[in-house]
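The values are calculated or read from the model by the stated rules, or taken from the named source; none is laboratory data. None of the values given here were measured: they were computed from a predicted structure. So basically every Cβ, Gly included, is an ideal-geometry build from the backbone, and we count neighbours across all protein chains shown.
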Amino acid sequence: MFLTITRPAIALIGTTDPAIEAMVNLMPDYSVGVRLHDLYTNKLQSALPGNYSQLFGTGPAFRRVFFPSWQPDPLLSLIAHTGLDDGWWSAFSVAVLCQAIAEMSSQIRGQMLSDKINADVGALNATLRDRSARTYAMAMAATYNPLIVLLRQVNRDTAKQQFHDSLLTNVLNRQLWYQAGVWTSPDWEMFNQYAKYMILGASDAEVDTLINELIGAGLPVPSQVGPGAWRTYAQELRDKPNVDVNDIRSECAGPITKTTFIPVPGSIPAQIPNGNSYEFTANGQPGRLYRRPPGGCCFTGATQVLDGAGNPILLCDVKAGDTILTRDGTGTVAYVAHPLRGERKLYRLNTGGPVFTDTHPFINGAPPNPVIPSPVVLALDPLHLAWSVPTLSEDGIGTLAVGSTVLARNPGDGVPVRNATVTDVVEVAPSSDDTYLYDLRLVTHSGDRQEFWAGQDDIFYLASPEYPIIEQAGAAALAIVAMMEGLLASGGPEGQGWPLWIVEIMNQYGAGIFQHALMQSLATTPSFGAPEPPGPLYERIERLYRGLDSATIETAAAVASLFDGLLAVAGQWLASLVDLGWRTSMLLGGDVLSVTVFDIALTPTNPIPIDTLVELEVTVTGRTRAEHTYMWNRSGRSNTRFHHYFDQLVHLDMAGDDRPTDLTFTVKIHGAPIPTLFAIVPAPDDETQHRLQSAMLQDAAGTAVGTIRFDLRRLGRDAAAQELADSGLWTEAAASAYANALGGAMVAPVLWKLREFAAISA
């Protein structure tokens, strides 16, 4: 049992007004700070700028789209006391909404600049806390009832001076408390005295004058609430110091994840998954600052690579068939990629080193660590790279930063490889020659690694191409190759080539194109009975590269954007969908909610041993009840230190009117330093659609430590039973045939959607 001793109120010397005496003795709790936080959240929602784009007139305001139930807080006018203008609040609102988009939108998450978003949200919150003192005072006057009662009893004409004099003439009491060790919260008390003084009419300058007078009278005023410092004290926001995604999640979850429809002249509306999120972050819209377009990012053409003899040559001069130096010896160039740079920023590694974009992977040179496994590759933006190139993420992608270790060597034949420390990474301005970027794809059926040396003059660093090693994607690679074969054979959306407008279409509408094509192919491709793929995979890949090698640079850039768009939207799902191809997407609708968990991917700083037991609790909460089930990770696909697979499904009875409102994943990693993780998915149910989704895994402190991927389907009971029976018939040959058929079935929908979106953008 704990005893709480409350400091008794003191009788003030020279104070004749009992209300003033009571006001001086009044010690507020932290409830006003919580109310202030809620006021800030309300203001943030109201400040969301921008409108939907449309051909004529002005589209719906984003505030109404993302915060449809917003109503003005009665205290909203108090925000003026922060001194922060409408432009500042709009920027804050955009950053926090983009934080929510990055967390909840399955399709666009990989394009969101999460590090920049979180840094900006943190900096903006710091500014707001520094400006909160006077707003807090006015909020206390309006909401803290014990103070409101006293304010009604004082004479406003004389109260400010009386309060000032009472504090100054009673310094001795606080000196005695301080000496006796019972003045336990002098900073909080004095800050609230200043707040009450401001309520009675004191200016900031008068508060500073009072503090100096108190110090001169011998009061030991804590430095954090000393002259000037009290303005940034911010302890009033102790219980809720930040306004962030946690404050808006429930309000905007539905609009963020919603599939929207765009009218198409002469056709049915085009579907855009997470369409509101794509629109808010499109070119010319408020969120554009925090989203990057999909696509591979590479080196500039002036970057040098080492040829087969170890001599430096310009990357822009490399051609298919050339021999270049690798870690394993030499390799043959199969294809030189030429994506458009667009708005991508360029960086230089170690003064005088190669110039590249922030997702290009370098080989990690750190020595093996048996305790904390090292990721295989490093990049300036590892999260974005993991999203765009899923095969690289399986062995971990770390952050390329000052202090990182990379593999390096000098030009020449027989020169030893060494470890080099990253001393600086600086942004550089693009030149007029940097319209296109360059990356290499090597012939790989020899078994050699996809690596080459990139640098400048006298030092070169080992890099990996920034696109998937298709041969390592299993049967799913057949889907990618089959689709690209079909697209190239088509001759373009109009049969007249591949115009550069495709790049912008991919940037803005890529999710609508490839998500639609993937879902349509799933709904029309039977799991069993497809013909065998036509020939070995590596031969088909080499034919694709040969066809692209003879194309114009503009065509190559347009086709590269298609490939990038496919990988950004569908690439992360294809391996899972093919490996579980016995499931049906042709018989949707019914009373059974099928939840299939594919895998969890952990961030580079949170690897776990390959053989770790991972327990997953799946909870579906309805309006009146909840369903729980458990599963464990399995070794069907090979686990890595950063990637653990489940590939399991559960069927939950959703008959009746009790529709699910939340889906919760609880991950328990046995023996790991992050034992329990959580992911919450609001509004998981959809009657008609097969939904591919991912959710951020967070630890108990709310820190993002990984991603869980899953999908949702509604099935009838017979269909649910039949697919479970079919699971035992699934073979490697069946998976290969299905993947090839799936990719071929995507071709026509992709071309159709390209024509649709071209009509919209015309």
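Numbers below:
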read-out	value
Selection count where residues are buried (at least 18 other Cβ atoms within 10 Å of the Cβ) and assigned to a helix (DSSP H, G or I), scope the stretch 496-538	21
Of residues in the stretch 549-578 being polar (S, T, N, Q) and within 22 Å of the chain's Cα centre (by Cα), the one farthest from ASP647 (Cα to Cα)	SER561
Filter pass, PRO367 being closer than 24 Å to VAL402 by Cα and without any contact (Cβ under 8 Å) to a residue 60 or more places away in the chain	yes
Breaking point among (1) on the phi > 0 side of the Ramachandran plot; (2) modelled with pLDDT under 90; (3) among the small types (Gly, Ala, Ser), for GLY310	(2)
The stretch 411-447: number of residues that are buried (at least 16 other Cβ atoms within 10 Å of the Cβ), touching a Phe, Trp or Tyr at 6+ places or on another chain (Cβ under 8 Å) and at pLDDT 90 or above	3
Residue in the stretch 552-573 that is over 20 Å from LEU385 (Cα atoms), among the β-branched types (Val, Ile, Thr) and part of a helix (DSSP H, G or I) present	yes
Residue within the stretch 474-485 that is of a type in the set (D, E, K, R) and surrounded by 17 or more Cβ atoms within 10 Å (Cβ to Cβ) present	yes
Verdict on VAL415 being touching a residue at least 24 places away in the same chain (Cβ under 8 Å) and in a loop (DSSP other than H, G, I, E, B)	yes
Tally, over the stretch 161-177, of residues that are modelled with pLDDT of 75 or more and of a type in the set (D, E, K, R)	1
Which numbered condition GLY33 misses (of (1) in a loop (DSSP other than H, G, I, E, B); (2) in contact with a Ser or Thr (Cβ under 9 Å, 6 or more places away or on another chain); (3) closer than 23 Å to ALA195 by Cβ)	(1)
Output for the stretch 80-92, where each listed residue is farther than 26 Å from TYR290 by Cα and surrounded by 14 or more Cβ atoms within 10 Å (Cβ to Cβ)	HIS81
Selection from the stretch 687-731 of residues that are within 20 Å of ASP599 (Cα to Cα), outside any strand (DSSP E or B) and either among the β-branched types (Val, Ile, Thr) or touching a Gly at 6+ places or on another chain (Cβ under 9 Å) (or both)	THR703, TRP730
Test for LEU75: is it modelled with pLDDT of 95 or more and assigned by TED's automatic domain parsing to the domain that holds SER166	yes
